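A quick write-up on the structure given underneath.
The values are calculated or read from the model by the stated rules, or taken from the named source; none is laboratory data. This is a predicted model, so every value here is computed, not measured. Cβ coordinates were reconstructed from backbone atoms using ideal geometry, including for glycine residues, and neighbour counts include every protein chain displayed.
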Amino acid sequence: MSILVTRPHPDNAATAENLRARGHVVLLAPLLKFEPVAFHDESEAGYSAIIVTSANAIRAVAPQLEDLGLVELPLFAVGEHTASVARDVGFTDVIVAGGDAASLRDKVMQGVRDKRVSKKGTLLYLAGADLSRDLAGELGAKGFSVVTQTTYRMAPVKVLPREVCDGFAAHGIEAVLHYSRRSARAFLDAARDEGVEISALAVPQCCLSETVASVLRDAGASQVLVAATPDENALFDALERALRTRLA
């Protein structure tokens, strides 16, 4: 029996490694494909800090960061994984939020109180093309000046690997891990097109957040589990709960 990981490349490799270390057989079906967007900063603002909601936003502009002088700025990262990627490319002043956009907004506001960043400066938001939350607007309502730069997009992958389709058909997949609303929707579309939607939704769907889970519930999945906190260790805990329930 296998665990299906829908997380995009390259982060799915680390997820697979962690699951195998826990004794699981893993299938990979990245349902979104990373595509960098050319970064052209036409703003004349002097940035006081950077905010990032995805490691992919950093990967997309990594070759330009040093020339632009951005690595010297404080960076507010949505979670520890994004923070780790930021440190790897040269950022040294990295402030880590609790894993979602709301906690990142609050962390930026706390940064002002802690004098880590000035409210008089401009925040540079390195973002994806499809945003599930208007973080810049929320910070703007709190008196911040925010410049949003789209650095990447995640394109849906329209087909499932043959081994995944065969796994669902043979009831050989015991759970699916979901990391975002868009990848969950792409999973549903691909499963429907491949004719395995019923089998795919019959197994536990383990989701990083309630927002992700709602996509699966709306599609008819009856076994939807949500991580207690929006991080991978909590998602793995949800997976173990799902597997214990199936064995009970």
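Here is how the numbers come out for the structure above:
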{"item": "Looking only at segment 18-49, and only at residues there that are touching a Ser or Thr at 6+ places or on another chain (Cβ under 6 Å) and at pLDDT below 95, the one that is surrounded by the most Cβ atoms within 10 Å (Cβ to Cβ)", "result": "SER48"}
{"item": "Residue within segment 50-69 that is among the acidic types (Asp, Glu), at pLDDT below 95 and not in a loop (DSSP other than H, G, I, E, B) present", "result": "yes"}
{"item": "Lone qualifier among ALA102, ALA141, ALA129 - being of a type in the set (A, V, I, L, M) and in contact with a strand residue (DSSP E or B) (Cβ under 6 Å, 6 or more places away or on another chain)", "result": "ALA129"}
{"item": "Index of the failed condition, THR148 passing every other in (1) at pLDDT below 95; (2) surrounded by 18 or more Cβ atoms within 10 Å (Cβ to Cβ)", "result": "(2)"}
{"item": "Matching option when the condition is under 30 Å from GLY167 (Cβ atoms) and buried (at least 18 other Cβ atoms within 10 Å of the Cβ), among ALA55, ALA83", "result": "ALA55"}
{"item": "Matching helices (runs of 4 or more DSSP H) fully within segment 91-175 where at least 1 residues are without any contact (Cβ under 8 Å) to a residue 24 or more places away in the chain and not assigned by TED's automatic domain parsing to the domain that holds LEU70", "result": "162-169"}
{"item": "Residue list for segment 14-49, filter: touching a Leu at 6+ places or on another chain (Cβ under 8 Å), assigned to a helix (DSSP H, G or I) and of a type in the set (Gly, Ala, Ser)", "result": "ALA16"}
{"item": "Evaluation of ARG113 against (1) touching a helix residue (DSSP H, G or I) at 6+ places or on another chain (Cβ under 9 Å); (2) charged (D, E, K, R); (3) at pLDDT below 90 (one fails), failing number", "result": "(1)"}
{"item": "Test for SER84: is it in a loop (DSSP other than H, G, I, E, B) and under 26 Å from ALA228 (Cβ atoms)", "result": "no"}
{"item": "Failed item in (1) closer than 30 Å to LEU243 by Cβ; (2) over 18 Å from the mean Cα position of the chain (by Cα), with PRO8 passing the rest", "result": "(2)"}
{"item": "Positions within segment 151-180 being more than 21 Å from the chain's Cα centre (by Cα) and surrounded by 18 or more Cβ atoms within 10 Å (Cβ to Cβ), in sequence order", "result": "VAL164, CYS165, GLY167, PHE168, ILE173, GLU174"}
